[in-house]
Amino acid sequence: MAKISMKVNGRDVSGEVEGRTLLVQFLRDQLGLTGTHVGCDTSQCGACTVQVDGKQVKSCTMFAAEAEGAEVSTIEGEAAQDGTLSAIQAAFQEHHGLQCGFCTPGMVMAAKSLLEVNPKPTEAEVRHHLEGNICRCTGYHNIVKAIMAASGQDVGAIAAE
Amino acid sequence: MPKDHGIGASNKRREDIRFLTGTGNYTDDINIHGQAYVYFLRSDVAHGKINSIDTAAAAAMPGVVRIFTGADFEGIGGLPCGWQVTDKHGEPMKEPPHPVLAQGKVRHVGDPIAAVVADSLDQARDAAEAIELDIEELPAVVDMKAAVQEGSALVHDDIGTNLCYDWGFVEENKGAVEEAFSKAAHVTTLELRNNRLVANPMEPRVAVGDFNRASGDSTLYTTSQNPHVIRLLMGAFVLGIPEHKLRVVAPDVGGGFGTKIFHYAEEAFCTFAAKQLNRAVKWTSSRSEAFMSDAHGRDHVTKIQLALDADNNFTALRTETYANMGAYLSTFAPSVPTWLHGTLMAGNYKTPLIYVNVKAVFTNTVPVDAYRGAGRPEATFQLERVIDKAARELGVDPVELRRQNFITEFPYATPVAVEYDTGDYHATMDKLVEIADFAGFEARRKDSEAKGKLRGLGVNCYIEACGIAPSNLVGQLGARAGLYESATVRVNATGGVVVMTGSHSHGQGHETSFPQVISEMIGIPEDQVEIVHGDTARSPMGMGTYGSRSLAVGGSAMVRAAEKIINKAKKIAAHLMEASEGDIELKDGAFSVAGTDKSVAWGEVCLAAYVPHNYPLEDIEPGLEETAFYDPSNFTYPSGAYCCEVEVDPETGKVTIESFAATDDFGNIVNPMIVDGQVHGGIGQGIGQALLENCAYDENGQLLSASYMDYAMPRASDVPFYKVDHSCQTPCTHNPLGVKGCGEAGAIGSPPAVVNAVIDALHSGGHKVEHIDMPVSPSRVWAAMNG
Amino acid sequence: MYAFDFEKPTSVADAVVALKDEDALALGGGQTLIPTLKQRLASPSKLVSLMGIAEMQGVSADGGTLTIGGGTKHAVVAAEAASAYPALAALAGGIGDPAVRNRGTIGGSLANNDPAACYPSAALASGATIVTDKREIAADDYFQGMFTTALDEGEIVTAVKFPIPEAANYQKFEQPASRFALVGVFVAKYADGVRVAVTGASEEGVFRWTEAEEALSGNFSPDAVAGLAASADGMITDLHGSGAYRAHLIGVLTKRAVAAAG
């Protein structure tokens, strides 16, 4: 076991981990941050997506020890202290970008990462960016729409209004 | 002007707040102090005789609490099947036992052999590797047609055959159908496979068993679409625990799509082991484990023939289908290729004579059961493909051929035993022609050709049967359960309402849409209505969510209970206003006396019910709480017309979906936003089935598509924005909301449109390809073009 | 996963020492290794993370050579190689998905040599030099079959040197599930000839399609390879496509890569 320390959603945290402890296990089991989900074991579904030092990563495919000293952001840190949703979260609700909610934390974190580097993505760019985030409920329609809306683009013309 | 509350309003979902902030409560988020973890050692061969299981060394490994094998479950019930199909000779289906842990033989890759309970999951897995197994591998049965040949190896030796049943529907019509075929001007024949799928809700299954020695109560937390059904099946048939000592909780559930209907061995095991060990036992499926332990879907091989007269009227239809049951009968498996499939074969058409034959076959594969649509996508796919093929053979427009044969008068009794109450198939087709811009297709095709691509347009119609019912009928058909739904409406003293429903929400948004109905009925804001579901300790006996039934059946139960509430509240209001009950009207949250300005607010009546100082105690009881059970008199019959446009890259065979349009008639709609979302999701899964998804076994019964590395899930880049329209509404005539159900339509209606479009595209390029089995992958398209 | 020790040295020298322990294994971004460990298909005694070694990071162009540190992540290559070697940057930007690109490294990819990985085709088509802690290996000598390379046990890919071509392009046809290359073709045109490397297709892993190279070296145009067909012998047949289909795709993708390279 080794002691690790990092900053998660702005708070300093530490814990004892094994070499094999994954970041997602540290977040869920030791910190109780169960908003980050595990949906596969081959690093494809993206339900476990978080940011490490501002970069989108799959927390199921990174050892906790690799995040030593890092700044980690998870879904629990996205809304404001008073509960106000972030622009992305609000757009997901507004445009029904989630159904069962299981992939949602990963989708929101992936969307955040996209908009940080590409504030006005095209539809194709949004879809391409979500290559590593699988949703089984929505057919992606409202996820893509929500992300484009969160970027401030007019989505009124999109089909199915 | 769209409504901003009540029925018809696109209310934002209240459950989204917890899901968007990471504060949902999924089963894997539940941890019970001191819990142990179970790892299932699963068979890596498809078929084998268990000579011995030596757990001695494993049991001595660090952290091991106990190791269970099939021997520990001797004398305990196996997993029950909830539907008994009677074959064409009047004999019951073959129903082999399904032990919780394998006994004597293993019958599919993934069949659980031993369960290792340890202090940690890693320790359990370490110990599982130390179990010494002696399993003699036997020849595997994989191909369905080979499985029913003489001399095939047997999945279950003691039943002497791999044929579960041979079902004819309607057997009495068979002669007349044969005769119609002999007189037909044209017969179109198509042989196809409906590909085996894995449901793949993004949340893998989880079970946490708990036991309270002081009270003797067992609790199971599980990823289920229907906790009451699990309680009944597991309590009564497997573990012998009466309902009052067994609580089943299905908290937030991350998608179901059918595969979380069924009662699984892992649920029974965790409940059983928790009691044996007096310690909570938790199992969390990995995705790889899910591929070999979640019930799969579809997997039919069908020959369909359509007979037409000289005027292109459909005169008869006959099908022969082999339906894969897998190695054991999953909970509702026998019903899927029969009553959920044969009854749909009329589709939207007035074909007078239909005969459906289904041979259900055991193989050494994972059990197959309902997956979104369940039997109805299989029916729709074959029917809508054979119609397209007939149109091409006859040189007629596929849309016109469909229109010509549409059912236009309702109610309509089909030759396959169901009666459609309402529908307007021309209306949905008309709308489709408009929103899919059929008129512009040829221009778009030319644009595609200019880029070196082949463009195709595919259309299909569908009919669905939702909310399977009534119970007395389905009982005759072999169901071993009722198919009603329940609701308790509890009004609190200060006027707030709690609805405890037997329906379960795992993405459908009941917590938002159900209050809209109550709001509409009573005239109070939605935020005064709370929905409770997913806990047998908190809701009346319910049947759960599947078959697009929640609003049509569960919502109707809620309406019935709310009607009882309103009737009672009117009595109280009449008393308070010293008026006649018959003169009381409820509007906008207030009771008034017709023709007067007397009025009393909803909240005052509720308060009077609980503080009955001025109250007609001699006539009615205090309190305001009512329960209703609703058993529908018929299925509901949503219908629609779908259109897909594809481009095919002739060099690589790759198909891209250029557009997808759907028109559905769901009757009345409570929350249009949610309904659109349900259709989007269904289309996404249908495109997945059509182009990407393929659960494949090799000839030895090894699962080839055992993870997301080989099972192609649709990604955002595989699909376009969809055009959906729900303006065609013919309300259901027999439920109080006039609703029809929308959960499965997208998955039912979309695969044939995609494949029809691909075939159309290939023909436009001069490739006389009549069919490509799903998934229509690039390699298959290329092979078909170059075959 | 089986239990293992974890170390994160900060220099190549320390990493080399750490990897001398029996059954110690180097860990790059872990995007392949971690899923493998989850399936218990590997049981290292110790993982030595190379992610903390500053000297293995970064992209630099010097004259006609682009040098990429072995620990450089795909996302960094996609961004920082874009002006010097756009085809390589585009390849890096198409590996996996954004999260994978933020962890996975070029050294990890080349050391693993997955037969469907993208990077091996770029390295082979570019005639790159694989730099390790103890030597330099030409790409032609480095790739030795599926999951097999010239690396010794414990040897670390510290950098890769790519000669910058006059023109190049990578065409990837994705396997629909994994989104690895069902077939990927990298074409690179140099003053002294054209090199074509194919990934995803062969049971032997990445290979050079010499017939195409010869045809293109005289005439760098799509027409030069239009009539050329790769042999289906030794091509992978699986759920996602036959050997014949893969062989066909090699021709299609080569032609497209040449057209796109201009």
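Taking the residues in the stretch B:691-746 that are free of Cβ contacts under 8 Å to residues at least 24 places away in the same chain and assigned to a loop (DSSP other than H, G, I, E, B) as candidates, determine which candidate is least open to solvent (accessible area, probe 1.4 Å).
Here the answer is B:R715.
Kindly state which strands (runs of 3 or more DSSP E) lie completely within the stretch C:148-219 and contain at least 3 residues that are within 27 Å of B:S779 (Cα to Cα).
Result: C:167-174, C:181-190, C:193-199.
Could you say whether any residue in the stretch B:139-154 is within 14 Å of chain A (Cβ to nearest Cβ) and open to solvent by 10 Å² or more (accessible area, probe 1.4 Å)?
no
Give the residue that is surrounded by the fewest Cβ atoms within 10 Å (Cβ to Cβ), with candidates limited to residues of the stretch A:30-47 that are within 7 Å of another protein chain (Cβ to nearest Cβ) and at positive phi.
The residue in question is A:S43.
Could you go through the stretch C:203-220 and let me know if any residue there is open to solvent by less than 20 Å² (accessible area, probe 1.4 Å), in contact (Cβ under 8 Å) with a residue 12 or more places away in the chain, away from chain B (no Cβ under 14 Å) and of a type in the set (V, I, T). Break it down into steps so the answer makes sense when it comes.
As a first pass, look at the stretch C:203-220 and keep what is open to solvent by less than 20 Å² (accessible area, probe 1.4 Å): C:205-206, C:209, C:212-213, C:216.
Those left that are additionally in contact (Cβ under 8 Å) with a residue 12 or more places away in the chain: C:205-206, C:209, C:212-213, C:216.
Add one more test, that the residue is away from chain B (no Cβ under 14 Å), and what stays is C:205-206, C:209, C:212-213, C:216.
Okay, now just the ones that are also of a type in the set (V, I, T), so C:206.
Yes, because at least one residue in the stretch C:203-220 is open to solvent by less than 20 Å² (accessible area, probe 1.4 Å), in contact (Cβ under 8 Å) with a residue 12 or more places away in the chain, away from chain B (no Cβ under 14 Å) and of a type in the set (V, I, T).
Taking strands (runs of 3 or more DSSP E) that fall entirely within the stretch B:430-509, which contain at least 3 residues that are in contact (Cβ under 8 Å) with a residue 60 or more places away in the chain and more than 17 Å from the chain's Cα centre (by Cα)?
Working: elements: B:454-463, B:485-491, B:497-501.
Here the list reads B:454-463, B:485-491.
Between B:A265, B:A250, B:A273, which is over 30 Å from C:L41 (Cα atoms), of a type in the set (G, A, S) and at pLDDT 95 or above?
Going through B:A265, B:A250, B:A273 in turn, just one is over 30 Å from C:L41 (Cα atoms), of a type in the set (G, A, S) and at pLDDT 95 or above: B:A250.
Here's a check for you: in the stretch B:683-716, which residue that is hydrophobic (A, V, I, L, M, F, W, C) and away from chain A (no Cβ under 12 Å) is nearest to B:S513 (Cα to Cα)?
By that ranking, first place goes to B:A690.
Mind checking which residues of the stretch A:57-114 are facing another protein chain (nearest Cβ under 7 Å), of a type in the set (S, T, N, Q) and within 15 Å of A:G10 (Cβ to Cβ)?
Listed by number, the list holds a single entry, A:T74.
If you check B:H726, B:H680, which single one turns out to be within 11 Å of another protein chain (Cβ to nearest Cβ) and in contact with a Gly (Cβ under 7 Å, 6 or more places away or on another chain)?
B:H680
Among the residues in the stretch B:21-29, are any more than 30 Å from A:M109 (Cα to Cα) and of a type in the set (D, E, K, R)?
no
Quick check: anything in the stretch B:52-60 more than 30 Å from B:D158 (Cα to Cα), open to solvent by 20 Å² or more (accessible area, probe 1.4 Å) and either in contact with a Cys (Cβ under 6 Å, 6 or more places away or on another chain) or within 14 Å of chain A (Cβ to nearest Cβ) (or both)?
No.
Identify all residues within the stretch C:165-175 that are open to solvent by 30 Å² or more (accessible area, probe 1.4 Å) and either at the interface with another protein chain (Cβ under 9 Å from one of its Cβ atoms) or within 12 Å of C:H240 (Cα to Cα) (or both); write none if there are none.
Across the stretch C:165-175, the qualifying residue is only C:E174.
When the residues of the stretch B:10-43 are filtered to those that are buried (at least 21 other Cβ atoms within 10 Å of the Cβ) and hydrophobic (A, V, I, L, M, F, W, C), which remaining residue is farthest from the other protein chains (Cβ to nearest Cβ)?
Taking the candidates together, the pick is B:V38.
So in the stretch C:4-27, with the set limited to residues that are open to solvent by less than 60 Å² (accessible area, probe 1.4 Å) and within 11 Å of chain A (Cβ to nearest Cβ), which one is nearest to the chain's Cα centre (by Cα)?
C:L27
Within the stretch A:136-159, track down each residue that is more than 7 Å from every other protein chain (Cβ to nearest Cβ) and part of a loop (DSSP other than H, G, I, E, B).
A:S151, A:G152, A:Q153, A:D154, A:V155, A:G156, A:A157 - these are the residues of the stretch A:136-159 that are more than 7 Å from every other protein chain (Cβ to nearest Cβ) and part of a loop (DSSP other than H, G, I, E, B).
How many of the residues in the stretch C:177-201 are within 17 Å of C:Y245 (Cβ to Cβ) and surrounded by fewer than 24 Cβ atoms within 10 Å (Cβ to Cβ)?
Of all residues in the stretch C:177-201, those within 17 Å of C:Y245 (Cβ to Cβ) come to C:177-178, C:180-185, C:198-201.
Checking which are surrounded by fewer than 24 Cβ atoms within 10 Å (Cβ to Cβ) leaves us with C:177-178, C:180.
Residues flagged as within 17 Å of C:Y245 (Cβ to Cβ) and surrounded by fewer than 24 Cβ atoms within 10 Å (Cβ to Cβ) within the stretch C:177-201 amount to 3.
Would you please name the residue that is nearest to B:T636 (Cα to Cα), looking only at residues in the stretch B:528-542 that are surrounded by fewer than 24 Cβ atoms within 10 Å (Cβ to Cβ) and in contact with a Lys or Arg (Cβ under 8 Å, 6 or more places away or on another chain)?
Ranking the qualifying residues of the stretch B:528-542, first place goes to B:V532.
Going residue by residue through the stretch A:79-94, is there one that turns out to be touching a Lys or Arg at 6+ places or on another chain (Cβ under 9 Å), within 22 Å of A:Q44 (Cα to Cα) and touching a residue at least 24 places away in the same chain (Cβ under 8 Å)?
The answer is no; no qualifying residue exists.
Which condition number in (1) open to solvent by less than 30 Å² (accessible area, probe 1.4 Å); (2) on the phi > 0 side of the Ramachandran plot is the one that B:I620 fails?
Evaluating B:I620 over (1) open to solvent by less than 30 Å² (accessible area, probe 1.4 Å); (2) on the phi > 0 side of the Ramachandran plot leaves (2) as the failure.
Based on what the data block shows, is B:V208 part of a strand (DSSP E or B), farther than 30 Å from B:F381 by Cα, within 14 Å of another protein chain (Cβ to nearest Cβ) and not acidic (D, E)? Lay out the reasoning, then the answer.
Working: part of a strand (DSSP E or B): yes; farther than 30 Å from B:F381 by Cα: yes; within 14 Å of another protein chain (Cβ to nearest Cβ): yes; not acidic (D, E): yes.
Criteria met by B:V208.
Residue-wise test of (1) out of contact with any helix residue (DSSP H, G or I) (no Cβ under 7 Å at 6 or more places or on another chain); (2) among the hydroxyl-bearing types (S, T, Y); (3) surrounded by 24 or more Cβ atoms within 10 Å (Cβ to Cβ).
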| residue | (1), (2), (3) |
| --- | --- |
| B:E626 | no, no, no |
| B:S633 | yes, yes, no |
| B:P638 | no, no, yes |
| B:Y642 | no, yes, yes |
| B:E645 | no, no, yes |
| B:V648 | no, no, yes |
| B:K654 | no, no, no |
| B:A662 | no, no, yes |
| B:G688 | yes, no, yes |
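Against the definition (crowded, with 24+ Cβ neighbours inside 10 Å, in contact with a strand residue (DSSP E or B) (Cβ under 9 Å, 6 or more places away or on another chain) and not charged (D, E, K, R)), how does B:L383 come out, yes or no?
Considered against the rule, which asks whether it is crowded, with 24+ Cβ neighbours inside 10 Å, in contact with a strand residue (DSSP E or B) (Cβ under 9 Å, 6 or more places away or on another chain) and not charged (D, E, K, R), B:L383 comes out as yes.
Here's the yes/no breakdown for (1) more than 14 Å from chain A (Cβ to nearest Cβ); (2) polar (S, T, N, Q); (3) in contact (Cβ under 8 Å) with a residue 12 or more places away in the chain:
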{"residue": "C:A78", "(1), (2), (3)": "no, no, yes"}
{"residue": "C:G93", "(1), (2), (3)": "no, no, yes"}
{"residue": "C:N102", "(1), (2), (3)": "no, yes, yes"}
{"residue": "C:V131", "(1), (2), (3)": "yes, no, yes"}
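If the requirement is being in contact with a His (Cβ under 8 Å, 6 or more places away or on another chain) and open to solvent by 30 Å² or more (accessible area, probe 1.4 Å), which of these qualifies: B:K49, B:K94, B:K105, B:K88?
B:K94
Evaluate the following for A:Q51: is it more than 9 Å from chain B (Cβ to nearest Cβ) and either among the β-branched types (V, I, T) or assigned to a loop (DSSP other than H, G, I, E, B) (or both)?
Judged against the criteria, A:Q51 is not a match.
The values are calculated or read from the model by the stated rules, or taken from the named source; none is laboratory data. What you see is a predicted model, and the numbers here were worked out from it, not measured in a lab. When we count neighbours, we look across all protein chains shown, and the Cβ atoms used for this are built from the backbone with ideal geometry, even at glycine. Ligands, DNA and RNA are excluded from the accessible area calculation, which covers all protein heavy atoms including side chains. Shrake-Rupley method; radii C 1.70, N 1.55, O 1.52, S 1.80 Å.
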